[in-house]
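Below: the structure, in structure tokens.
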Amino acid sequence: MVPYIKRKIIKKKDAFFEEIDDFIAAEKRLRVFINRRDFMSLYCTPLMIKELVAGLLLTEGILANKISPDQIRIVDGNEIRVDLHVDEEILKESLVVSRCLGGITFHKEKKFKKIKDDFSLSVETLNLIFEEFQQKSELFRLTGCFHSAALSDDKKIIAFAEDIGRHNAVDKVIGYSIFRGIPFTGKLMVVSCRISSEIISKCARWQIPIIASRAAPTELAIDIAEKAGITLAGFVRGDHLNVYTNTQRITSVTSNCIIN
């Protein structure tokens, strides 16, 4: 499975036109069958499919028990088929087309425990993590068509994923971390996109204490973050930073002060 194709295009620059090879993001339909039942479909980048499926199903509470990569069978063709066999009854919730490019979320009331993790980061460390994050975003630099997500501690990025769907990228990072037994306590979720209520809810589900983005959050995302005890930071760009909720986790090394 490849994440992009090469295609000849006509490019205009100033008054000149030229034919060049351009890199185009691949987009495939993913169909998920659980215990031979056609359960859901979405569109995604054909990378880290097992991580995507596990992250989505476990985060949304569709599966109660953790699964292993060996339980997931993938057949790649014109579309990607995933077969998953589990020893639990699956109730299909009402699906809502909410994520870009045909992704899904579920109509299900979500209740989260308030996060009391005392994990904190300095502004300087956060900027270093974002520099590493941007360096890893190779598919975006190649095509301009990918979202990125990553899980980091206070030193380096531990899990990273790119996808045409922003929610997909977060689910891939979560699935990767679950498969490898990486705990979510003392971690930061970094995303390249706007922070929506769904992305905040995913972090709240796994008790991730900090989420940060180069972009802005929505009003509902801020509300959920406040209630869930998540530190929400946006517009992380060089010397600029907005902290919207639970500001005590973002500190300054130079002054050793908490941002108020």
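Scanning region 162-211 for residues that are surrounded by fewer than 24 Cβ atoms within 10 Å (Cβ to Cβ), within 18 Å of residue 67 (Cβ to Cβ) and of a type in the set (Lys, Arg) yields 180, 205. Hey, among the residues in region 137-166 that are over 23 Å from residue 28 (Cα atoms) and among the acidic types (Asp, Glu), which one's nearest to the chain's Cα centre (by Cα)? Among those residues, the one meeting the criterion is 153. Scanning region 37-87 for residues that are of a type in the set (D, E, K, R) and in a loop (DSSP other than H, G, I, E, B), we see that the one that is nearest to the chain's Cα centre (by Cα) is 60.
Conditions tested, residue by residue: (1) outside the structural domain of residue 140 (by TED's automatic domain parsing); (2) in contact (Cβ under 8 Å) with a residue 40 or more places away in the chain; (3) more than 19 Å from residue 170 (Cα to Cα).
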site	(1), (2), (3)
36	yes, yes, yes
53	yes, yes, no
77	yes, no, yes
89	yes, no, yes
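Give all pairs with beta carbons closer than 7 Å in which a residue from region 1-27 that is without any contact (Cβ under 8 Å) to a residue 12 or more places away in the chain meets a residue that is hydroxyl-bearing (Ser, Thr, Tyr) and surrounded by 10 or more Cβ atoms within 10 Å (Cβ to Cβ); count only pairs at least 6 apart in sequence or on separate chains. Close Cβ pairs satisfying both conditions: none exist.
Residues in region 111-125: is at least one in a loop (DSSP other than H, G, I, E, B), farther than 20 Å from residue 188 by Cβ and either at pLDDT below 95 or touching a helix residue (DSSP H, G or I) at 6+ places or on another chain (Cβ under 7 Å) (or both)? Yes, region 111-125 contains a residue that is in a loop (DSSP other than H, G, I, E, B), farther than 20 Å from residue 188 by Cβ and either at pLDDT below 95 or touching a helix residue (DSSP H, G or I) at 6+ places or on another chain (Cβ under 7 Å) (or both).
The values are calculated or read from the model by the stated rules, or taken from the named source; none is laboratory data. Note that the structure is a prediction, hence the values are computed from the model and not measured. Methodologically, a virtual Cβ is constructed for each residue, glycine included, from the backbone with ideal geometry; neighbour enumeration extends over all protein chains shown.
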